[in-house]
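The values are calculated or read from the model by the stated rules, or taken from the named source; none is laboratory data. What you see is a predicted model, and the numbers here were worked out from it, not measured in a lab. Here the Cβ is made from the backbone with ideal geometry for all residues, glycine too, and neighbour counts use every protein chain on show.
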Amino acid sequence: MTRTLLLASAVLAALVATPAFAQQYPTKPIVLVVPFAPGGTSELISRLVAQKLTERLGQQVVVENRPGAAGNIAMEQVARATPDGYTLILGHIGTLAVNPAMFPKLPYDAVKDFAPVSLIAAVPNIVTVNTSVPAKNLKELLELARAKPGTINYGSAGNGSAGHLAMEYLKRIARVDMVHVPYKGTGPMLTDLLAGQTQATFTGSSPLIPLIKSGKLRALAVGSATRIPSLPDVPTVAESGFAGFQTAQWYGIIAPAKTPPAVIQKLSTEIAQVMKLPDVIARLSGDGTVMIGSTPKEFASYIEGEMKRWGEVVRAANIKAE
């Protein structure tokens with residue numbers, strides 16, 4: 001057999017094998033890497049999705065936390081993993097949209113090294129203040145910031161975190177000056193906010209809603225496109241005078257580049273069904289989380305748009321990696 005025929009036969013065999021492989025997939029456990037420490041929204045969403053995928057696929061989907069370096073360590077490891085569908089990672093606004101603009105050099109390429117599978121959920125951010133702050137709505141908070149520039153301190157889960165970017169985005173379009181106070185996580189940030197050491201935050205809804213409902217903190221506006229059911233009386237930032245404003249912490253599943261397209265499609269289809277399950281909706285929607293379940297193409301387009309939007313915010317605010 002000539003070299004040309006051998007190559008043609010190899011290509012044909014690969015084309016035939018891919019659909020067959022996808023039909024059999026998975027035949028062993030799947031690892032879903034979470035690039036953050038245990039706890040928080042990423043943990044809740046990833047474990048719930050993993051549980052439901054385990055039930056639907058007939059193989060264990062194991063959540064593995066690999067925190068460090070703003071998610072960069074885990075992203076690099078998964079980018080180098082065998083692209084066979086057995087190693088996935090929870091993609092996030094930080095690792096896919098913010099880090100590429102914030103870090104001068106990344107150990108991974110957010111576009112070339114990964115194959116988008118599905119955008120699974122978005123968690124709205126809420127502009128929230130300590131109850132000692134006299135502002136009863138977003139307009140009044142911004143008026144306070146304009147009257148005394150640099151006197152309102154806002155906390156976030158860390159430099160370059162979703163909450164940091166959300167407030168910098170708001171500061172930019174509202175043209176106000178507030179001082180960023182970064183923490184090593186949402187927990188310590190909320191401790192200081194409750195104690196009045198800081199005055200405000202623009203953090204994801206999950207840890208805030210219980211504190212808002214108990215009267216320990218005051219919500220001024222939500223960053224989602226529409227009001228959230230758990231806080232129906234709290235207007236959106238768009239309703240508060242900034243038409244088109246929208247910001248959320250979002251999560252999606254991605255795989256190493258060159259993972260077989262048929263496997264990507266199978267995972268995407270299953271995830272879309274998971275995000276429609278009544279118990280999943282009931283578990284996540286209470287804090288305003290929006291279940292999505294997109295196609296790979298839709299998720300790729302979404303990532304592209306988010307990279308552009310948050311890249312502009314990072315550059316305008318001159319946010320640097322610590």
Boolean, residue 81 is under 17 Å from residue 251 (Cα atoms), assigned by TED's automatic domain parsing to the domain that holds residue 254 and not in a helix (DSSP H, G or I)
no
Those residues that are of a type in the set (A, V, I, L, M, F, W, C), buried (at least 17 other Cβ atoms within 10 Å of the Cβ) and touching a residue at least 60 places away in the same chain (Cβ under 8 Å), I need them from region 50-80; list them, please.
53, 70, 78, 79
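For residues that are aliphatic (A, V, I, L, M) and surrounded by fewer than 24 Cβ atoms within 10 Å (Cβ to Cβ), scanning just region 103-120, find the one that is nearest to residue 220 (Cα to Cα).
Of everything passing the filter in region 103-120, 110 is nearest to residue 220 (Cα to Cα).
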Residues that are among the polar types (S, T, N, Q) and over 28 Å from residue 277 (Cα atoms): does region 100-121 have at least one?
no
Considering each of 145, 162, 110, 135 in turn, give the residue that is out of contact with any Phe, Trp or Tyr (no Cβ under 6 Å at 6 or more places or on another chain) and assigned by TED's automatic domain parsing to the domain that holds residue 310.
110
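Table: residues versus (1) among the polar types (S, T, N, Q); (2) touching a strand residue (DSSP E or B) at 6+ places or on another chain (Cβ under 6 Å).
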position	(1), (2)
38	no, yes
45	no, yes
61	no, yes
65	yes, yes
70	no, no
76	no, no
80	no, no
From 272, 300, 255, 282, which residue is assigned to a strand (DSSP E or B), of a type in the set (Gly, Ala, Ser), in the same structural domain as residue 33 (by TED's automatic domain parsing) and out of contact with any Cys (no Cβ under 7 Å at 6 or more places or on another chain)?
255
If I filter region 115-144 down to residues being in a strand (DSSP E or B) and either over 16 Å from the mean Cα position of the chain (by Cα) or among the small types (Gly, Ala, Ser) (or both), which single residue comes out as farthest from residue 178 (Cα to Cα)?
115
Taking into account only those residues within region 181-233 that are among the basic types (Lys, Arg), in a loop (DSSP other than H, G, I, E, B) and more than 27 Å from residue 244 (Cβ to Cβ), which is farthest from the chain's Cα centre (by Cα)?
216
